[in-house]
Amino acid sequence: MYLKQKKDGHLVEVLGLNDLVNPIHTQVIGRLHYGEEMQEPDKFPKTELIFPSGEALPQCWMDVHYRDQELHR
């Protein structure tokens, strides 16, 4: 899966989809797709990534407590 960095728009190939959808993990392992040579895998904070369309990542991927308010009703 490819995501885009907010700051510069470079594409990041996410290598660990489990890290991406797990709200406990704040970073994902990925590889920048920038330049002619394949880049080494690196860690990227989820808060700095968006979908290539410009949409934000789902809240359920980012915040482990995103539904806590529903439990208290």
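The values are calculated or read from the model by the stated rules, or taken from the named source; none is laboratory data. Only a predicted model underlies this, so the values are computations on that prediction, with no experimental measurement involved. Here the Cβ is made from the backbone with ideal geometry for all residues, glycine too, and neighbour counts use every protein chain on show. Only protein heavy atoms, including side chains, enter the accessible area calculation; ligands, DNA and RNA are left aside. Shrake-Rupley method; radii C 1.70, N 1.55, O 1.52, S 1.80 Å.
Quick notes on this one:
- Within the shell defined by Cβ-Cβ distances under 13 Å, the residues around Arg31 carry a net charge of -3, with Lys and Arg each +1 and Asp and Glu each -1.
- Cut-off under 5 Å, modelled amide H: who pairs with Gln27 long-range: Lys46
- Calculated [θ] (222 nm, deg cm²/dmol) that DSSP helices of n ≥ 4 give over the chain, each run adding -39,500 (n - 2.57): -3000 deg cm²/dmol
- With loop membership from DSSP and a limit of 10 other Cβ atoms within 10 Å, the longest segment of the chain without GluC sites (Glu not before Pro) is 1-35.
- Residues of the chain: accessible area per residue with a 1.4 Å probe, Å²: 74
- Leading residue at positive end of dipole, the chain (Cβ point charges), from Leu49, Gln39, Ile29: Leu49
- Neighbours of Ser53 by Cβ distance under 15 Å: Lys/Arg scored +1, Asp/Glu scored -1, total +1.
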